[in-house]
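Right, one structure below, let's go through it.
Each value in this text was obtained by applying a stated rule to the coordinates, not by laboratory testing. These figures come from a predicted structure and were not determined experimentally. A quick note on method: Cβ atoms are made from the backbone with ideal geometry, for glycine too, and the neighbour counts reach across all protein chains shown.
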Amino acid sequence: MAAMTLVTRLVADWPADGVAVVGSSLGGFYATWLAERPAHRGWRVGVLNPAVDPARDLARHIGTLTAWHDPTLQFDFTAEHVAELAALTPPARLTNPARYYALIAKGDELLDWREMLARYAGCDGEVLEGSDHGLTDFE
């Protein structure tokens, strides 16, 4: 929660319109949360294979984890982190789906593309046949 409190402070003076935020995976969840806050509902949002329910999806990973980019770095992921994610869950319906662009890969091996499509229903975007969570074959 401290990180999102910091983000909220950092963008507090940003204009209500003319801003765009982009996030991939958990970053898409955070971008959605931020853009759904009343002060930011004029922002445009781009999400790439966005996490829809990270509290549910990450609850099974509680414990000591290794950073994906450096296996020598370890950190503790706790039930408190899961509770913080649950507290950040955006509203069930986006306030204005027209503000969003969602790029969703059916081949995402980590997240269910159908949940993403349902969450971002009515948004502009593209559903890719195949691909993967990292969109490694996107051109």
Requested in this report: Pick out, in residue order, every one of the trypsin sites (Lys or Arg not before Pro) in region 1-86 that is DSSP loop and has at most 16 other C-beta atoms within 10 Å; say none if there are none.
Outcome: R41
Report summary line: region 65-139: antiparallel bridges as % of DSSP beta bridges, rounded to 5, reads 40
Query raised in the report: Of all trypsin sites (Lys or Arg not before Pro) in region 65-114, which ones are in loop regions per DSSP and have a Cβ with at most 15 other Cβ atoms within 10 Å?
Result: R93, K106
Query raised in the report: Which percent, nearest 5, of DSSP beta bridges in region 7-82 are antiparallel?
Result: 45
Query - Sparse-neighbour loop sites [GluC sites (Glu not before Pro); region 20-113; at most 16 other C-beta within 10 Å; DSSP] - result: E109
Query raised in the report: Most mobile of G122, G42, G63 per a Gaussian network model of the chain (Cα springs, under 10 Å)?
Result: G63
Report summary line: Under the helix-only model (-39500 (n - 2.57) for each DSSP H run of 4 or more, divided by the residues of the chain), the mean residue ellipticity at 222 nm, to 500 deg cm²/dmol, is -7500 deg cm²/dmol
Query raised in the report: How far is the Cα center of region 76-111 from the Cα center of region 1-39, in Å?
Result: 13
Requested in this report: Pull up the DSSP beta bridges for the chain and report the antiparallel fraction as a percent, rounded to 5.
Outcome: 25
Report task. Compute the Cα gyration tensor for the chain, then decide on rounded, prolate or oblate, letting a ≥ b ≥ c be the square roots of its eigenvalues: rounded whenever a/c is under 1.5, prolate when a/b is larger than b/c in the other cases, and oblate in all that remain. Result -> oblate
Requested in this report: Please state, as a whole number in µm²/s, the translational diffusion coefficient that the Stokes-Einstein equation yields for region 89-139 at 4 °C and 1.567 mPa s, with Rh defined as the Kirkwood radius across alpha carbon pairs.
Outcome: 113
Requested in this report: Would you work out which of T72, L111, A87 lies farthest towards the positive end of the dipole of the chain? Charges go on Cβ: Lys and Arg +1, Asp and Glu -1.
Outcome: A87
Query raised in the report: Under Stokes-Einstein, with the Kirkwood radius over Cα pairs standing in for Rh, what whole-number D in µm²/s applies to region 36-99 at 25 °C and 0.890 mPa s?
Result: 174
